[in-house]
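Values quoted throughout were computed directly from the atomic coordinates according to the rules given, and no laboratory measurement underlies them. These numbers come from a predicted model, not from an experiment. Neighbour counts run over all protein chains shown; Cβ positions are idealised from the backbone, glycine included.
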Amino acid sequence: MKEYWIPEDGSYYASSIRKKFPDDIEEGAIDTQRFIKKLQAECDAKAKEYLKNK
């Protein structure tokens with residue numbers, strides 16, 4: 001790891017992301033809900049598998 005960085009809070013969140021990331025990927029970095037459905041489905045599947053084996 002070369003750097004650890006946390007974006008600013010509140011109304012400064014998006015602008016701090018835009019300053020840090022290249023133009024072609026900044027929107028993807030700002031959209032925190034972009035992968036939520038896929039991640040939630042993966043989490044649910046793992047939980048079901050875990051509970052099935054208990």
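Tabulated results
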quantity: ³J(HN,Hα) computed for each position of the range 6-18 - Karplus, 6.51 cos²θ - 1.76 cosθ + 1.60, integer Hz, glycine/proline x; calculated: 10, x, 5, 8, x, 5, 8, 4, 4, 5, 5, 5, 4
quantity: Loop chymotrypsin sites (Phe, Trp or Tyr not before Pro), the chain (other Cβ atoms within 10 Å of the site Cβ: 14 or fewer; DSSP); calculated: Tyr4, Trp5, Phe35
quantity: Selection of GluC sites (Glu not before Pro), the chain, meeting DSSP coil and at most 15 other Cβ within 10 Å; calculated: Glu3, Glu8
quantity: Computed FRET value (nearest 0.05) for Cys43 with Ile6, which takes r as the C-beta separation and R₀ as 35 Å; calculated: 0.90
quantity: Gain in span if fully extended, Gln33 to Lys54, counting 0.36 nm per residue against the direct Cα distance; calculated: 4.4 nm
quantity: Dipole magnitude of the chain, debye to nearest 20 (Cβ charges: Lys/Arg +1, Asp/Glu -1, about Cα centre); calculated: 440 debye
quantity: Leading residue at positive end of dipole, the chain (Cβ point charges), from Asn53, Gly28, Ile17; calculated: Asn53
quantity: Using alpha-carbon coordinates, inclination of helix 36-52 to the longest axis of the chain, degrees; calculated: 30 degrees
